[in-house]
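The values are calculated or read from the model by the stated rules, or taken from the named source; none is laboratory data. Being a predicted model, the structure only gives us computed values, none of them experimental. All Cβ positions, glycine included, derive from the backbone under ideal geometry; neighbour counts span all protein chains shown. These area figures cover heavy atoms from the full protein model, side chains too; ligands, DNA and RNA do not enter into them. Shrake-Rupley method; radii C 1.70, N 1.55, O 1.52, S 1.80 Å.
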Amino acid sequence: MPRIDPPPDWVLQRRRVIGDRIRAARRDRGMSQERLAELAGMDRQAIGKLELGYTSPLLDTLLRIADVLDVDLADLVRRGE
């Protein structure tokens, strides 16, 4: 079985930034994690893990979240602060 190395620090940092942007957009809309999860077809724990940068979302997941939050996907994943 091939060994899978952990992601480099810069990837983990970008993941946290994306999670922060998801959280900010959700809060700007007065939406709970539970409601976002329901509308995006996910569970609340998955949203929490994404917002904290603990997991790496699939593109399909990011597309659903961006759609529910009515934000451009590019705004969630762009480089820089």
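The table below lists the values:
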| read-out | value |
| --- | --- |
| Residues satisfying the stated conditions in the stretch 23-57, i.e. within 17 Å of Gln13 (Cα to Cα) and among the hydrophobic types (A, V, I, L, M, F, W, C) | Ala24, Leu50, Leu52 |
| Among the residues listed as Pro2, Pro57, Pro6, the single one being modelled with pLDDT under 95, open to solvent by less than 80 Å² (accessible area, probe 1.4 Å) and in a loop (DSSP other than H, G, I, E, B) | Pro57 |
| Enumeration of residues in the stretch 25-53 that are of a type outside the set (S, T, N, Q), exposed (fewer than 14 other Cβ atoms within 10 Å of the Cβ) and without any contact (Cβ under 8 Å) to a residue 24 or more places away in the chain | Arg27, Asp28, Gly30, Glu34, Gly41, Asp43 |
| Pick from the stretch 64-81, criterion over 10 Å from the mean Cα position of the chain (by Cα) and among the hydrophobic types (A, V, I, L, M, F, W, C), ranking: most open to solvent (accessible area, probe 1.4 Å) | Ala74 |
| Where a residue in the stretch 56-81 is of a type in the set (Val, Ile, Thr) and its partner, wherever it lies, is assigned to a loop (DSSP other than H, G, I, E, B), with Cβ under 8 Å and at least six apart | Thr61/Met42; Ile65/Pro57 |
